[in-house]
Protein chains: 4
Amino acid sequence: MTELPSYQDLPAAPRGGRSAWGLFGPNDNLGLVTLMTPERVAAAAALVRTGRMYPLDVELGGIAPALARNRGTSRHAVVHQAGSAGFDDVYDNVWPQAGSQWDSLGHVGYAPDEFFNGATEADIWTGVRNTIDHWARHGIAGRAVLLDIPRAMAKAGRDYEPEAPTAIGVAELELARQLAGVDFGAGDIMLLNTGFGAWYAAQPAGLRERLPHRLSAPGLAHTEAVAEYLWDLHVSAIASDTFAVEVWPPERDPAAYPFGFLHHMLIGQFGMALGELWWLQDLADSCAADDVYESFLVSVPMNAPGGIGSPANAVAIK
Amino acid sequence: MTELPSYQDLPAAPRGGRSAWGLFGPNDNLGLVTLMTPERVAAAAALVRTGRMYPLDVELGGIAPALARNRGTSRHAVVHQAGSAGFDDVYDNVWPQAGSQWDSLGHVGYAPDEFFNGATEADIWTGVRNTIDHWARHGIAGRAVLLDIPRAMAKAGRDYEPEAPTAIGVAELELARQLAGVDFGAGDIMLLNTGFGAWYAAQPAGLRERLPHRLSAPGLAHTEAVAEYLWDLHVSAIASDTFAVEVWPPERDPAAYPFGFLHHMLIGQFGMALGELWWLQDLADSCAADDVYESFLVSVPMNAPGGIGSPANAVAIK
Amino acid sequence: MTELPSYQDLPAAPRGGRSAWGLFGPNDNLGLVTLMTPERVAAAAALVRTGRMYPLDVELGGIAPALARNRGTSRHAVVHQAGSAGFDDVYDNVWPQAGSQWDSLGHVGYAPDEFFNGATEADIWTGVRNTIDHWARHGIAGRAVLLDIPRAMAKAGRDYEPEAPTAIGVAELELARQLAGVDFGAGDIMLLNTGFGAWYAAQPAGLRERLPHRLSAPGLAHTEAVAEYLWDLHVSAIASDTFAVEVWPPERDPAAYPFGFLHHMLIGQFGMALGELWWLQDLADSCAADDVYESFLVSVPMNAPGGIGSPANAVAIK
Amino acid sequence: MTELPSYQDLPAAPRGGRSAWGLFGPNDNLGLVTLMTPERVAAAAALVRTGRMYPLDVELGGIAPALARNRGTSRHAVVHQAGSAGFDDVYDNVWPQAGSQWDSLGHVGYAPDEFFNGATEADIWTGVRNTIDHWARHGIAGRAVLLDIPRAMAKAGRDYEPEAPTAIGVAELELARQLAGVDFGAGDIMLLNTGFGAWYAAQPAGLRERLPHRLSAPGLAHTEAVAEYLWDLHVSAIASDTFAVEVWPPERDPAAYPFGFLHHMLIGQFGMALGELWWLQDLADSCAADDVYESFLVSVPMNAPGGIGSPANAVAIK
């Protein structure tokens, strides 16, 4: 695993794009998280200088109603036991995908019944392959590099609205990377701050109620060039403050497949960890203030056998 | 905050023991987690040498039925949206206190209606004070030192059963600390491995069904000496592989108050973070193997406004 | 209560229409269900001739996804206890309003913060007034008369589509009543079969998924004439096979208020029990077959203190 | 089906007692509810004289904590949609078996994997046989006869404590039947008022908390004579105000099988509908007052495909 092939050297995938299936063995359920080796984790931990912590999860209930209409918001009950000096609590209707989250490799496939590394729908449904517990047992930690799209766009003199469906292509990613002043390395985590999260946090309840019916957000462009760029960085993960990492709405036109909904490629073919609805604004402000865009990121996914997603449970330490 | 008073210098608490209320200000909701300063976090991160990660959460469903009979076990549903290439999931009946967890400072008080730093039941119930979100916003990370009780007892030639109610007093804690070969520092996390967790994991279903009706476990002795010892270490947290950190059953005799149920002191007066039902066996085995008992521990508590507890979401990195 | 005033004799309501508040006393929480007196129940029971039962609740899960997007569908888990010869079960995410249901008088007000008989939002939220337990304690039973709109329209030679927003006005109600060949009496239950329920039951999953985004259905016309007609019948309840009893979508234009959304009048001013999404097709077929349109209806609302709605739990016996 | 065999004429069951399997055909999932024919329903409706209704469900939350420790209590959330004039609500953790309920024929078997009429555990788990929806589609109604054990015992000059494990044998059932002054007929519902329900309702919270750990209650004696008596009455159902209908605790001694836990016989072999934790006190008081012990009972079980139990949803009308 010392050297991963470049995108152009990957074999063609049957429905378009290229395939990374089998690269980590036929039974692999980790995907690119495999690249988070002890050596890289140790190197990333050495990035901690001040010890300042930036928790990256939006508070529970902070995104409500759920942006995807088939999901819900959690309910919380505090329970007092008679005669005791204390409290317990209990949650219902907890949809990990409705808040700050990781998508497991079972969340979206390359195509129906074709999940990362050849897993089937039945494999996912029964929790045999690709589910979140594989990452939970392995651990997720590494070097994170923040890409601050709003600041990069401003520096480049370009208009930018964090709630508009701006496609972030290779050029825009490079602008932000240059602002960060660093290169990516294998096993890194890209933190893609689009400004959507901070925008959403400032919206009134009425707009939030209507938003699920007309969703749009900036995000990765629906192009093969973006897929190639991301693969060739060999990052393990991309986490964003939007709900889909990629620009929304997707292109459902069959001609755009599989890039029209990049999840098909990034999760289904690359085995990349996608993080969504993360809170990146405080970290972004800190990066702008001290001009240090890298940090040690630690996430502890929920150890849920058969789980499709997990709260992000992530913190960046600088 | 450079110098915390010793236990003997704390004022007497009205119902027995000594009180740390007010030490971090009248409005503090962090307790001893306050000691997890950036400087200490940075120093702890420097302990990472190999980059090996030890996730510390028992898998969901791994402790069932709930050991406390008033709690429950979570239910998990995998959801497939018609026409999609993917899955979502949803959880119900999630009791953080039934699995690997943190107790917030709202979980147990010094006495009914007397929670850490003077918070009332109403303050907890309405989520105004002491709830888990305070730690989630601050972050939890630091130097962890593992105390391996079974190995320390074995080395000392003492009998020890991980399911029996063995009281771990100052002498036993010292035995384990000496085995670890290190001292504690302010802001550290004590990981108290009693062997209960590994024992439980090996039990058949029938025994697990009966266990809630006759609970016992080793843990901290119900003595003021233990409280004094722990306070004087100025550790921020103690996490154990048992369900209560302290020996079980508690002593409900009023004469034993508040030490008969040490939660009253540790949480209610000291503001100490207690972690329960953590999975410490893999880490303990690693410590025994390489004779390195310290690690960098990172936990990301659930950012739940008003939450009483949280999954541990913890990982030790060596 | 021997004689209720006619609509024209009711006092004007402040935001339009007329008000029945206070008619059953200032503290009444039953509304027109008050008219279901023992004498009328006994008379209705005498309608039972053959003893054939027509359960009127759609099966759980029969309406999915929920037609109103803010609601959800229930989850069911079957639980087997180790070593037992049996099963238990448990339900989560049960939204009474998403299936065959009664709306309590706390479900919709005449206006925000103005619920039936002067109850406030706080009264409803805290379960002090108008909630479903009042009807549960009183009981719901009486003479039901089925109005079969599709058959009445067909007999009149009029086009009719059960999924189209056909306004059912006084003329159409009278057509159906004449088909039934009976008059209404005080305390009766009108069963308004629009054909929507049977149409929905025959739709494929894909259409059901899209339906919540473009809801329409036949139902009561948004006119004062309909309100007057219904009041003057002095029926206690109207239950329909649609999700709203009234034609959908409502008229949100302030000029149409309060008739544009008849719930404001029927529930908020009249205190009438509205039943929705009932399964009326089998009963309707039986009525057409034996030309007997009246039956003894018994419903047992959920005895839920503070409940906003209830499963219909209804059966018609002929 | 005009004539059912007597108990002595039933074939022997393989593990003791006698078997009614196959009596209503090999594919029957209704059991003795089959006897609730239209003719009997019509005859029972004719018992309605005054029209007074006696709802028979304890309010939600009225039995808490759950008497069986593996069950839970429901949680209720009231939901207000922004900008609306109304409320919805939603329930979680709803265990039908924890409150006023019907046991379906899938609840308890004659033996593990041997359910009524030969159904297997897999048949129940997958909802193929014996589940509550069969009764929901058929309907449950008929003549109810109340047996008032406390009053019958008092009249006979016998001591009786409604919380003690008094075995109610044939003699005691006959005492109560004679007090009622009527005979049972095929398809009837026996309402067995033991006084436990009224006793429980009067207990303080502390006692209720402890009760699940030392359960006892009066109920049917664990004898074959009782099984024979009940079968020979050919009643369809027995509903009681206790949690088990039969005396508690059961006799787990293999020598007492299958009568030591009468559920094995009544549900598993006879296919009898058992109702538990019903509220019978108001009806019992009315019977004592007017000396009329029969009524028309209507229950509308939840139409839940694959459901193991259902709220009672029952009302007696006199």
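Since every read-out is calculated from the coordinates, none of them should be taken as a lab result. The structure displayed is predicted, hence computed values, not measured ones. Here the Cβ is made from the backbone with ideal geometry for all residues, glycine too, and neighbour counts use every protein chain on show.
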Checked the range C:138-165 for anything among the charged types (D, E, K, R) and surrounded by fewer than 15 Cβ atoms within 10 Å (Cβ to Cβ); matches are C:155, C:158, C:159, C:161
Pairs, first on the phi < 0 side of the Ramachandran plot in the range D:188-211, second among the acidic types (Asp, Glu) and in a loop (DSSP other than H, G, I, E, B), C-beta under 6 Å, six or more apart: D:193/D:241; D:194/D:241; D:196/D:241; D:197/D:241; D:199/D:163
Qualifying residue in the range D:67-88 (condition: more than 7 Å from every other protein chain (Cβ to nearest Cβ), touching a residue at least 60 places away in the same chain (Cβ under 8 Å) and closer than 29 Å to residue D:145 by Cα): yes
For the range D:140-148, state whether one or more residues are facing chain C (nearest Cβ under 9 Å) and either more than 18 Å from the chain's Cα centre (by Cα) or farther than 24 Å from residue A:78 by Cβ (or both). yes
Looking only at the range C:262-308, filter to residues that are in a helix (DSSP H, G or I) and within 11 Å of another protein chain (Cβ to nearest Cβ); which one of those is surrounded by the most Cβ atoms within 10 Å (Cβ to Cβ)? C:264
Residue list for the range A:166-188, filter: within 19 Å of residue A:247 (Cα to Cα) and either surrounded by 15 or more Cβ atoms within 10 Å (Cβ to Cβ) or within 18 Å of the chain's Cα centre (by Cα) (or both): A:166, A:167, A:168, A:169, A:170, A:172, A:173, A:175, A:176, A:177
Residue check for residue A:221: over 16 Å from the mean Cα position of the chain (by Cα) and of a type in the set (Gly, Ala, Ser): no
Please work out which residue is farthest from the chain's Cα centre (by Cα), limiting yourself to the range A:54-66 and to residues that are more than 7 Å from chain B (Cβ to nearest Cβ) and not hydrophobic (A, V, I, L, M, F, W, C). A:65
When (1) under 15 Å from the mean Cα position of the chain (by Cα); (2) within 11 Å of another protein chain (Cβ to nearest Cβ) are applied to residue B:95, the one that fails is (1)
Residues of the range A:109-124 being touching a helix residue (DSSP H, G or I) at 6+ places or on another chain (Cβ under 6 Å) and surrounded by fewer than 23 Cβ atoms within 10 Å (Cβ to Cβ), in sequence order, are A:113
Checked the range C:210-228 for anything crowded, with 18+ Cβ neighbours inside 10 Å and either assigned to a loop (DSSP other than H, G, I, E, B) or of a type in the set (Phe, Trp, Tyr) (or both); matches are C:218, C:221, C:222
Which one is farthest from the chain's Cα centre (by Cα), of the residues in the range D:309-318 that are facing chain C (nearest Cβ under 9 Å) and not in a loop (DSSP other than H, G, I, E, B)? D:317
Hits in the range D:157-178 - residues which are without any contact (Cβ under 8 Å) to a residue 40 or more places away in the chain and hydrophobic (A, V, I, L, M, F, W, C): D:171, D:175, D:176
Quick test for you: out of A:62, A:31, A:22, A:16, pick the one residue that is buried (at least 19 other Cβ atoms within 10 Å of the Cβ) and farther than 30 Å from residue B:295 by Cα. A:16
Out of C:228, C:209, C:224, sole residue that is within 14 Å of chain B (Cβ to nearest Cβ) and acidic (Asp, Glu): C:209
Condition first: more than 30 Å from residue B:306 (Cβ to Cβ), crowded, with 20+ Cβ neighbours inside 10 Å and of a type outside the set (Phe, Trp, Tyr). Can you find one or more residues in the range B:127-137 that meet it? no
Within the range B:67-87, the count of residues that are buried (at least 22 other Cβ atoms within 10 Å of the Cβ) and over 27 Å from the mean Cα position of the chain (by Cα) comes to 3
Does residue D:247 satisfy the condition of being in contact (Cβ under 8 Å) with a residue 60 or more places away in the chain and under 18 Å from residue D:172 (Cβ atoms)? yes
Tell me, yes or no, whether the range C:95-103 has at least one residue that is touching a strand residue (DSSP E or B) at 6+ places or on another chain (Cβ under 6 Å), assigned to a helix (DSSP H, G or I), under 30 Å from residue B:77 (Cα atoms) and not charged (D, E, K, R). yes
Filter the range D:144-158 for residues that are in contact with a strand residue (DSSP E or B) (Cβ under 8 Å, 6 or more places away or on another chain) and of a type outside the set (A, V, I, L, M, F, W, C); which is nearest to residue D:187 (Cα to Cα)? D:148
